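Report on the following structure.
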Amino acid sequence: MELFGSTRSRVTPQHALITPDTNVPSVPPGWVKTKAFVLISPRMGADFTQYIASMEEGGTAAPALPGVERVIYVLEGELALAGPKKKDVFLRPGGFAYFPPDGKIPQPFQALTMCRLNVFEKRYVPLPGTVPPAFRHGQEQDIPGDAFLGDPDARLKVLLPTTPDFDLAVNVFTYQPGAALPQVEIHVMEHGLLMLDGQGVYRLGDDWYPVKAGDVIWMAPYCPQWFVAMGKSPARYLYYKDVNRDPLEVAHG
Ligand code: UGY
Ligand code: MN
């Protein structure tokens with residue numbers, strides 16, 4: 001238990017750590033039987049939005065705003081998606097789906113049980129000569145984890161294709177206790193991150209934060225970042241990254 005009036009959450013101009021004790025729900029417009037916990041958004045300086053959608057059984061989603069793409073990842077419960085050609089697709093925990101900007105699907109998905117989802121949304125940046133990606137879905141369990149820069153104790157699952165039509169990446173990183181990022185990273189790309197399992201220490205800028213499952217982290221472009229997994233079980237996180245575009249094309253602010 002935290003002492004009253006205190007929290008591990010911290011919001012700065014270049015990074016934020018948002019712990020579950022500080023989460024406050026809002027009503028996402030157009031969704032039915034759903035509460036949203038908006039954790040990262042342009043209101044704090046990010047170029048994307050990350051929220052947890054908490055859906056009751058029978059709850060339904062509204063489409064994203066015009067020009068906005070969406071990636072969902074199921075944390076708990078089961079969802080039915082109206083896939084292309086009217087065929088239903090079912091997602092269970094670890095399931096994910098990519099919804100292109102301005103998709104034609106009228107009712108993007110429905111909760112078959114009480115559900116919790118992590119949602120990333122971003123304004124799609126078109127690339128001349130390519131068309132935006134199509135709807136796709138999968139289960140994280142079916143994707144192999146590759147050793148990160150040669151370290152078999154730090155494994156990366158890349159959920160979406162890395163082709164140039166995609167302007168975002170969503171990955172799952174799993175670290176054995178003691179495994180770490182091989183370098184302090186400083187890069188133009190931005191991150192939104194949800195700790196799925198385990199614990200460790202995240203360096204953000206010049207601060208080091210103990211973190212654990214349920215915590216969310218925002219890293220602005222150029223935020224120095226490093227992670228080491230600690231404790232007795234593997235640490236796992238889901239994260240977003242903007243990719244494949246010229247920095248001059250991407251508006252900030
Ligand atoms: O893809 C990445 O930039 C990743 N290595 N960053 C991170 O885990 N903080
Ligand atoms: Mn990074």
Fill in: the stretch 23-114 - percent relative contact order, Cα under 8 Å, separation 6 or more
28
Discussion item. Defining a contact as two alpha carbons under 8 Å apart and six or more residues distant in sequence, what relative contact order in percent does the chain show?
Written reply: 18
Worksheet item: Percent relative contact order of the stretch 157-253, based on C-alpha pairs within less than 8 angstrom and at least six residues apart?
Response: 39
Discussion item. Restricting to Cα atoms and excluding each atom paired with itself, what does the Kirkwood estimate give for the chain in Å?
Written reply: 18.7
Worksheet item: Across the stretch 24-141, how many lysine pairs, 8 or more apart or on two chains, come within less than 25 Å at their alpha-carbon atoms?
Response: 10
Discussion item. As a test of reading the structure, rank 60, 130 by solvent-accessible area (1.4 Å probe, protein chains only), most first.
Written reply: 130, 60
Worksheet item: Nearest 20 debye, what's the magnitude of the dipole of the stretch 104-253 about its Cα centre given +1 on Lys and Arg Cβ and -1 on Asp and Glu Cβ?
Response: 420
Response to the item:
Within the under-13-Å Cβ sphere about residue 32, not counting residue 32, Lys/Arg +1 and Asp/Glu -1 give a net charge of 0
Practice prompt. With a/c under 1.5 counting as rounded, go ahead and sort the stretch 142-250 into rounded, prolate or oblate using the C-alpha gyration tensor (a ≥ b ≥ c being the square roots of the eigenvalues; past the cut-off, prolate if a/b is larger than b/c, else oblate).
Written response: oblate
Worksheet entry | For the stretch 186-243, size of Cβ-based charge dipole, Lys and Arg +1, Asp and Glu -1, in debye | 240
Worksheet item: the stretch 24-141: D in µm²/s via Stokes-Einstein (Kirkwood Rh, Cα pairs, 37 °C, 0.692 mPa s)?
Response: 227
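The values are calculated or read from the model by the stated rules, or taken from the named source; none is laboratory data. Here the structure is a predicted model, which means the values were calculated and not measured. FYI the Cβ positions are ideal-geometry reconstructions off the backbone, even for glycines, and counts take in every protein chain you see. Protein only, heavy atoms only, side chains kept; ligands, DNA and RNA dropped before computing areas. Shrake-Rupley method; radii C 1.70, N 1.55, O 1.52, S 1.80 Å.
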